[in-house]
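The values are calculated or read from the model by the stated rules, or taken from the named source; none is laboratory data. Note that this is a predicted model, so its numbers are computed, not measured. Please note: Cβ atoms are built from the backbone with ideal geometry, for glycine as well, and neighbour counts cover all protein chains shown. Heads up: the accessible areas ignore ligands, DNA and RNA and are worked out on the full protein's heavy atoms, side chains in. Shrake-Rupley method; radii C 1.70, N 1.55, O 1.52, S 1.80 Å.
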There are 2 protein chains.
Amino acid sequence: VGPDLAGLLCGSEGTLAIVTRVWCRLTPKPKAFRTGLAVYNSSRDATNTVAGIIAAGITPAALEMLDGVFIKVVEEAFHLGFPTDAQAMLLIEVDGVDIPLEGGSSLDAEMQEIERIARANNARTFEASADEKKRDQLWLARRKAFGSLGRLNLSHCTQDSCVPRSKLPDVLEEIGRICRKYDLFVTNCFHAGDGNVHPALCFDEADPEQVRRIIAASGEIVAYCVSVGGSVTGEHGVGIEKMAYMKFMYSPEDLALMHSLRHSFSPEDRMNPYKILPREGVEIDLVHPCRNVSL
Amino acid sequence: VGPDLAGLLCGSEGTLAIVTRVWCRLTPKPKAFRTGLAVYNSSRDATNTVAGIIAAGITPAALEMLDGVFIKVVEEAFHLGFPTDAQAMLLIEVDGVDIPLEGGSSLDAEMQEIERIARANNARTFEASADEKKRDQLWLARRKAFGSLGRLNLSHCTQDSCVPRSKLPDVLEEIGRICRKYDLFVTNCFHAGDGNVHPALCFDEADPEQVRRIIAASGEIVAYCVSVGGSVTGEHGVGIEKMAYMKFMYSPEDLALMHSLRHSFSPEDRMNPYKILPREGVEIDLVHPCRNVSL
């Protein structure tokens, strides 16, 4: 009844109100699943597979991509037999109700269609399984992938943007180009099925010059993602870091409207005033974050 | 990215912005269905069935109730063999993927559970069918029910509120009580599965005194619905008619915030300024709506 204020609070990152009570709609756990693993000699073949699966009208429960570097660090950490010479791997899960069909079941049929698309995009191997233990191992590897990156003995800055899935091949290529330009080591492990890229830009955080390059490259990556129809952030929010990028996506009028909405909720400006929305005359120092404390 | 303005526009009834472009998420049509019809000698038994179905964790695709008056007018209009001596009827549909099970299928099993609940609540008959033609007839009757009410040669004012489904029996009883108090003829046909009541208050619109009674009864009905956890409107909106009821649901602070949000979008107050939100000093004349034109 009236404007949906709950909707408005989504994405406001504490700049409008404090949520003190939530009603949840629970959905039952899926009754069955199949987990597939496709291995590629090129990232572009893997991202083309993602676009192909979605274009075929299949919506996997999960569709995660790891590039060659991530395959190596995860394999070194967990010894699951991943091919360390591969350039990309897709972890694909379908779930739901498994309906018996002649010669198999509905989930089997869905996984077969996914395999057909993967092989048409040059997957060198494809395996699917309904084994719960194998599934748990694969997901453990995926969940701990960013942690495993610590084996390279570097800090990393994870970027975050959602792009149209059909643009994933171009976006990954551009991320590579930008990181070469700034002489940065980059590796990718991300929610490919959502078009949600997460390039991990590796660096030594003790070196302010490297930090500067990381920040410059991040800005160019996000600007490129937005230019192909993507977003400033996929799932991790704007916070302080991406405040300056908001102008990539929103006009000055859009931003003024959001400032005005914030003012309606908090006329005294007490709700995370220096988050999300850029302000005239306020410079954020991302190279030396502690210097922002006075804000 | 940032506050979800699309969420905020939902329910704003043109008071914030004009929507010029929409992206839709399409879902496939259900592959199979079962349509059930339960007949009762009492409204309370029918509404208890609704509460029972939802409490059992079943979410029918549709769960519609018609009271005795509606059964009669629909039967007179469409001759579908409805029992004109019954006091209530539930039209229940389940749909989705029909999974073969031993001795039937998943939709059959769901419909059997619904029948068990209906009979436990004194349904005098229960029929279920997968026949498409029969289904079309039943839905035609439901869709044209309010039109059929014209056979009674009266105008009607349809009220609209969503209430917790467990409160439906009490709410229907209270609607009857209020309408007796105001000497109004009322009949009910509504989306019971959503707890969305639609009492049709019948009257002669040429008689201002009857119009006054309709408006007074409507206010009491909505106030009662809100008092048991319901809403000022279910699906038809606030508009002008229910502006005065907004204070049943929202505090003065809530309403002031909504006014302020509106002002952010339209500082010059050009977006449906006299809709949804009550204003100090503005009286709406519902008995003679044309007198509001100067607003």
Revision key, fill the gap. Simple SL model, points at 7 angstrom along Cα→Cβ for B:Ala130 and B:Glu113; separation in nm is 1.8
Review point. Hey, can you list the residues from region B:212-259 whose accessible area shrinks by 40 Å² or more with all protein chains present, relative to the chain by itself (probe 1.4 Å, no ligands or nucleic acids)?
Key: B:Leu257, B:Met258
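Explain nothing, just the number: dipole magnitude of region A:75-149 about its Cα centre with +1 on each Lys and Arg Cβ and -1 on each Asp and Glu Cβ, in debye rounded to the nearest 20. Present the calculation step by step, with values, prior to reporting the outcome.
Numbers: 9 positive and 15 negative charges, 72 e Å.
Using Cβ point charges on Lys, Arg, Asp and Glu, region A:75-149 gives about 340 debye.
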Point to revise | For the protein assembly as shown: accessible area per residue (Å², 1.4 Å) | key: 51
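Kirkwood Rh and Cα-based Rg: tell me the resulting Rg over Rh for region B:77-163, rounded to two decimals.
Numbers: Rg = 16.2 Å, Rh = 15.8 Å.
Dividing the radius of gyration by the Kirkwood radius yields 1.03.
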Review point. Which of the chymotrypsin sites (Phe, Trp or Tyr not before Pro) found in region B:5-66 are loop residues per DSSP with 12 or fewer other Cβ atoms within 10 Å of their Cβ?
Key: B:Trp23
Point to revise | Share of carbon and sulfur in the accessible heavy-atom surface of chain A [1.4 Å probe, %] | key: 51
Practice item. List the residues whose amide H sits under 5 Å from the amide H of B:Cys10, counting only those 5 or more places along or on another chain, with H placed 1.01 Å from N in the peptide plane. Key: A:Asp4
Check your understanding: For chain B, modelled as a Gaussian network with Cα springs under 10 Å, which listed residue fluctuates most, B:Glu127, B:Glu220, B:Glu253?
Key -> B:Glu253
Revision key, fill the gap. With the full set of protein chains present, the residues of region A:1-39 whose 1.4 Å probe accessible area falls by 40 Å² or more relative to the chain alone are A:Val1, A:Gly2, A:Pro3, A:Asp4, A:Leu5, A:Leu8
Check your understanding: What are the ³J(HN,Hα) values, in whole Hz, obtained from phi via the Karplus relation 6.51 cos²θ - 1.76 cosθ + 1.60 with θ = phi - 60°, for each residue of region B:80-86 in sequence order, with x given for Gly and Pro?
Key -> 9, x, 5, x, 6, 8, 6
Point to revise | Point-charge dipole on Cβ atoms (K/R +1, D/E -1) for the protein assembly as shown, about Cα centre, debye to 20 | key: 100
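Taking the Cα centre of chain A as origin, sum charge times position over the Cβ atoms of Lys and Arg (+1) and Asp and Glu (-1), and report the length of that vector in debye to the nearest 20.
Result for chain A is approximately 240 debye, rounded to the nearest 20.
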**Study point:** Spin-label proximity, B:Ala216 to region B:274-291 - amide N less than 19 Å from point 7 Å beyond Cα toward beta carbon
**Key:** B:284-289
Check your understanding: What is the helix-to-structure angle for B:208-227, meaning the angle in degrees between its Cα long axis and the longest Cα principal axis of chain B, kept from 0 to 90 and rounded to the nearest 10?
Key -> 70
Point to revise | Residue of chain A whose Cβ sits closest to the axis mapping A onto B, with distance in whole Å | key: A:Gly7, 1
Review point. So what are the ³J(HN,Hα) numbers for region B:101-116, from phi and the Karplus equation (6.51, -1.76, 1.60; θ = phi - 60°), rounded to whole Hz, Gly and Pro as x?
Key: 10, 4, x, x, 7, 5, 5, 4, 4, 5, 5, 5, 5, 5, 4, 4
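Kirkwood hydrodynamic radius, computed over distinct alpha-carbon pairs, for region A:133-284: how many Å, to one decimal?
In region A:133-284 this quantity evaluates to 17.1 Å.
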Exercise for review: Tabulate in residue order the Karplus-calculated ³J(HN,Hα) for region B:49-65, using 6.51 cos²θ - 1.76 cosθ + 1.60 with θ = phi - 60°, rounded to whole Hz; enter x for Gly and Pro.
Suggested key: 4, 4, 4, x, 4, 5, 4, 7, x, 8, 10, x, 5, 8, 8, 10, 10
Review point. So which residue, out of A:Gly103, A:Gly57, A:Gly234, gets the largest mean-square fluctuation from a GNM of chain A using Cα contacts under 10 Å as springs?
Key: A:Gly103
Review point. Projected onto the charge dipole of chain A (+1 at Lys/Arg Cβ, -1 at Asp/Glu Cβ, origin at the Cα centre), which of A:Phe265, A:Gly103, A:Pro208 gives the Cα projection farthest towards the positive end?
Key: A:Phe265
Exercise for review: Calculate, axis by axis, the spread of Cα positions in the protein assembly as shown along the three principal axes, and write the results as whole Å, longest axis first.
Suggested key: 83, 66, 35
Check your understanding: Ignoring ligands, DNA and RNA, how much accessible area is buried between chains B and A, both sides summed, with a 1.4 Å probe, to the nearest 100 Å²?
Key -> 2200
Check your understanding: Among the trypsin sites (Lys or Arg not before Pro) within region A:119-195, which fall in a DSSP loop and have no more than 16 other Cβ atoms within 10 Å of their own Cβ?
Key -> A:Arg124, A:Lys144
**Study point:** Inter-label distance, nm, simple model (7 Å from Cα along the C-beta direction), A:His263/A:Cys24
**Key:** 3.8
Exercise for review: Take region A:134-205, compute every pairwise Cα distance, and split them into 10 Å bins from 0; I just need the percent in each bin.
Suggested key: 18, 46, 31, 5
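To the nearest whole percent, what portion of all C-alpha pairs in chain A is separated by more than 35 angstrom? Mind dumping the intermediate values first?
Details: 12459 of 43365 pairs.
Within chain A, distances greater than 35 Å cover 29 percent of Cα pairs.
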Study note, to complete from the structure: The distance between the Cα centres of region B:49-66 and region A:155-221, in whole Å, is 50
Review point. Which of B:Leu66, B:Leu16, B:Leu201 moves the most in a Gaussian network model of chain B with Cα springs under 10 Å?
Key: B:Leu16
Review point. When averaged across all projection directions, what area in nm² does the alpha-carbon convex hull of region A:203-289 cover?
Key: 6.7
Point to revise | In Å, descending, principal axis extents of the Cα set of region A:36-137 | key: 40, 29, 20
